[in-house]
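Visitor: Take a look at the following structure, please.
The values are calculated or read from the model by the stated rules, or taken from the named source; none is laboratory data. What you see is a predicted model, and the numbers here were worked out from it, not measured in a lab. Neighbour counts run over all protein chains shown; Cβ positions are idealised from the backbone, glycine included. What goes into the accessible areas is simple: the full protein's heavy atoms, side chains included, and nothing from ligands, DNA or RNA. Shrake-Rupley method; radii C 1.70, N 1.55, O 1.52, S 1.80 Å.
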Amino acid sequence: MSRSAHPAGPRHADVLPEGHYSAPPADLNALDPKVWAHTVSRTDDGVVRVGGIEVTRLAEEFGTPAYFIDEADFRERARAWRTAFGHDADVFYAGKAFLSRAVVRWLHEEGLNLDVCSGGELATALSAGMPADRIAFHGNNKSAVEITAAIESGVGRIVLDSFQEIVRVAHIAQSLGKRQRVQIRVTVGVEAHTHEFIATAHEDQKFGIALADGEAAEAVRRALSLDGLELVGIHSHIGSQIFDMAGFEVAARRVVSLLAAVRDEHGVELPEIDLGGGLGIAYTSDDDPREPHEIAKALGEIVTRECEAAKLRTPRISVEPGRAIVGPTAFTLYEVGTIKPLDGLRTYVSVDGGMSDNIRTALYDAEYSVALVSRTSDAEPMLVRVVGKHCESGDIVVKDAFLPSDLAPGDLIAVPATGAYCRSMASNYNHALRPPVVAVRDGEARVIVRRETEEDLLRLDVG
Ligand code: LLP
């Protein structure tokens, strides 16, 4: 595999076309610690390394495309959340962001709980030894099979999402001779400032039961009346990739006011509230995410204040960060293939993956950063669009970014902050083989999810 730098023709447009980018960064070789995993740095010869291993070595050993996850960074971020929320609160990592058995073990060791939203995630968690009572089971359309598996395994809580589900879970629990701990997910009616597809607290969407019009109060009434259920709390998740704390504060206030109404009506003080996940991370240098301790402080204060005002005991708070823990800890490594300069527009840089390993750009117009990682370069910046190898013009990985103009086929480039919702939303489109996830730590690299093979694809094709 050649990594030499061959100038590939004039590609720097004098007048930049419209796009998401600001100006070219002052130093194309710099790696902004906001968007890269903690142990990522450049060696003296310019090659980027993670966990003490050069990406050139990783590419040789594991191939490209591949996701590399910085295990020390993952553990550090998990611990930071755990420490920030302390012993009076619980942190449930949202497995949908990325789940594997190794990740479950890391979480268990770091003292976090786990939120799962399907039978598959539950099976993964249990098979890696996560104690069932530290698992919360979510979903807006859980099947009877999933509910049965969750109750039989002894999950700590099921988050009820609809009136039908209240009855369904109660019946299944009763038929198994159990009383299931549950929370009710409410929609608090705030507009979170994020992409429409990942905002979940406004009323016109599929999740939860509306606080407005007394729907949630009615759901509480029903849940309290059913023998198979032990109602322990109220749950709210307002959306994802959110930077502004205001939405969480409104949600916390409204959830506490429901707790007060429940106390007034039933004489019961529900002991838990869950404020969901959704904290944003930096995908580019323009993003400024909040730290876990700031979030814990803000949420703790608002809940305590509102509870004091309503003369309620402060409930146990839990949160469900997914992206904020795993997102920044991984990057995707690609090999550069075809480079196509389009005069006056931009240069299309094709890589050996694409929308099958990162659908977020196509789906949410997400922004990413990119860097040349197999060497440094002093060449002029060129405006690029990093695209994949799929048969679709929307197959874009990084919409607008700058790379050195001597970029050449065979160079390695990496897209940071791909730990969340990339491998977990990966597909086999065009019969692409889903890339491996390799954990790197202290000079050692270990595959935690292996690369798919053609045999894997053909095994499912039984016609
Ligand atoms: N809790 C619940 C109930 C959720 O539905 C979610 C995410 C989370 C926690 C975790 O949210 P996080 O902290 O990771 O933002 N595929 C989209 C994100 C969908 C999020 C779905 N629910 C994306 O790639 O941006």
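Visitor: Which one, Asn140, Gly156, Cys391, is farthest towards the positive end of the dipole of the chain when Lys and Arg carry +1 and Asp and Glu -1 on their Cβ?
Guide: Going by the Cα projections, it comes out as Gly156.
Visitor: Pull up all non-local amide H partners of Asp274: gap of 5 or more, or a different chain, and H-to-H distance under 5 Å with H placed in the peptide plane.
Guide: Result for Asp274 returns Ile234, His235, Ser236, Ser318.
Visitor: His266 to Glu61: FRET efficiency via 1/(1 + (r/R0)^6), r the Cβ-Cβ distance, R0 45 Å, to the nearest 0.05?
Guide: Values: r = 60 Å, r/R0 = 1.34.
The computed FRET efficiency comes out at 0.15.
Visitor: What distance in nm separates the simple spin-label points at Glu76 and Cys391, each placed 7 Å from Cα in the Cβ direction?
Guide: 4.5 nm
Visitor: Further question: Using each residue's phi in region 277-289, evaluate 6.51 cos²θ - 1.76 cosθ + 1.60 at θ = phi - 60° and report the 3J(HN,Hα) Karplus result to the nearest Hz, with x for Gly and Pro.
Guide: My calculation for region 277-289 gives x, x, 5, x, 10, 7, 9, 9, 5, 6, 8, 10, x Hz in order.
Visitor: Right, here's the next one. If each DSSP helix of 4+ residues adds -39,500 (n - 2.57) and the sum is divided by the residues in the chain, what number results at 222 nm, nearest 500 deg cm²/dmol?
Guide: So the helix-based figure for the chain works out to -8500 deg cm²/dmol.
Visitor: What distance in nm separates the simple spin-label points at Lys178 and Arg316, each placed 7 Å from Cα in the Cβ direction?
Guide: Between Lys178 and Arg316, the label points sit 1.8 nm apart.
Visitor: Excluding ligands, DNA and RNA, what is the solvent-accessible area per residue of the chain at a probe of 1.4 Å, expressed in Å²?
Guide: Solvent-accessible surface per residue comes out at 42 Å².
Visitor: Now for a different question. Apply 1/(1 + (r/R0)^6) to the Cβ-Cβ distance of Asp286 and Ser143, taking R0 = 45 Å, and write down the FRET efficiency to the nearest 0.05.
Guide: About 0.60, to the nearest 0.05.
Visitor: Report, in debye and to the nearest 20, how large the dipole of the chain comes out about its Cα centre when Lys and Arg carry +1 and Asp and Glu carry -1 on their Cβ.
Guide: 1100 debye
Visitor: In whole angstrom, how long is each semi-axis of the equivalent ellipsoid of the chain, when you take the square root of 5 times every eigenvalue of its Cα gyration tensor and sort them from largest down?
Guide: Here the semi-axes work out to 43, 23, 20 Å.
Visitor: Sorted by accessible area (1.4 Å probe), largest first, how do Tyr364, Tyr429 line up?
Guide: From most accessible down to least: Tyr429, Tyr364.
Visitor: Kindly identify region 155-285 as rounded, prolate or oblate by the Cα gyration tensor criterion: order the square roots of the eigenvalues as a ≥ b ≥ c, call it rounded if a/c is under 1.5, otherwise compare a/b with b/c, prolate if a/b is larger, else oblate.
Guide: The shape class here is prolate.
Visitor: Under the rule of at least 5 residues apart or a separate chain, name every residue whose amide H is placed under 5 Å from the amide H of Tyr368.
Guide: Long-range HN contacts for Tyr368: Lys399, Asp400.
Visitor: In terms of solvent-accessible area of protein heavy atoms at a 1.4 angstrom probe, what is the ranking of Cys117, Cys391, Cys307, highest value first?
Guide: Ranking Cys117, Cys391, Cys307 by accessible area, largest first, yields Cys391, Cys117, Cys307.
Visitor: Grab the beta carbon distance between Glu203 and Thr43, set R0 = 51 Å, and tell me the FRET efficiency rounded to 0.05.
Guide: Numbers: r = 53 Å, r/R0 = 1.04.
After rounding to 0.05, the efficiency reads 0.45.
Visitor: Share of the chain's accessible area from carbon and sulfur, percent, 1.4 Å?
Guide: Of all accessible area on the chain, carbon and sulfur atoms account for 49 percent.
Visitor: Taking amide H positions as placed 1.01 Å from N in the peptide plane, with prolines and chain starts having none, which residues 5 or more places from Ala417, or on another chain, fall under 5 Å of its amide H?
Guide: Ala37, Ala330
Visitor: Would you check the accessible area of Leu211, probe 1.4 Å, heavy atoms only, in square angstrom rounded to 10?
Guide: Its accessible surface works out to 40 Å², give or take rounding.
Visitor: Report the charge-dipole magnitude of region 347-420 in Debye, nearest 20, computed about the Cα centre from +1 at each Lys and Arg Cβ and -1 at each Asp and Glu Cβ.
Guide: I would put it at about 120 debye.
Visitor: Looking at the chain, send over the antiparallel percent of its DSSP beta bridges, to the nearest 5.
Guide: About 45 percent, rounded to the nearest 5.
Visitor: Continuing with this model, one more query. Quick check: from the Cα gyration tensor, does region 227-344 come out rounded (a/c under 1.5), prolate or oblate?
Guide: prolate
Visitor: What length, rounded to one decimal in nm, is gained on full extension from Ala26 through to Tyr348, with 0.36 nm per residue of separation minus their alpha-carbon distance?
Guide: 113.7 nm
Visitor: Moving to a separate point now. Working out 0.36 nm times the residue gap between Ser427 and Glu109, then minus their Cα-Cα distance, what length gain in nm do you get to one decimal? Working shown, then result.
Guide: Working: separation 318, 0.36 × 318 = 114.48 nm, distance 3.02 nm.
Computed gain between Ser427 and Glu109 is 111.5 nm.
Visitor: Accessible area of Ser143, 1.4 Å probe, to the nearest 10 Å²?
Guide: About 50 Å², rounded to the nearest 10.
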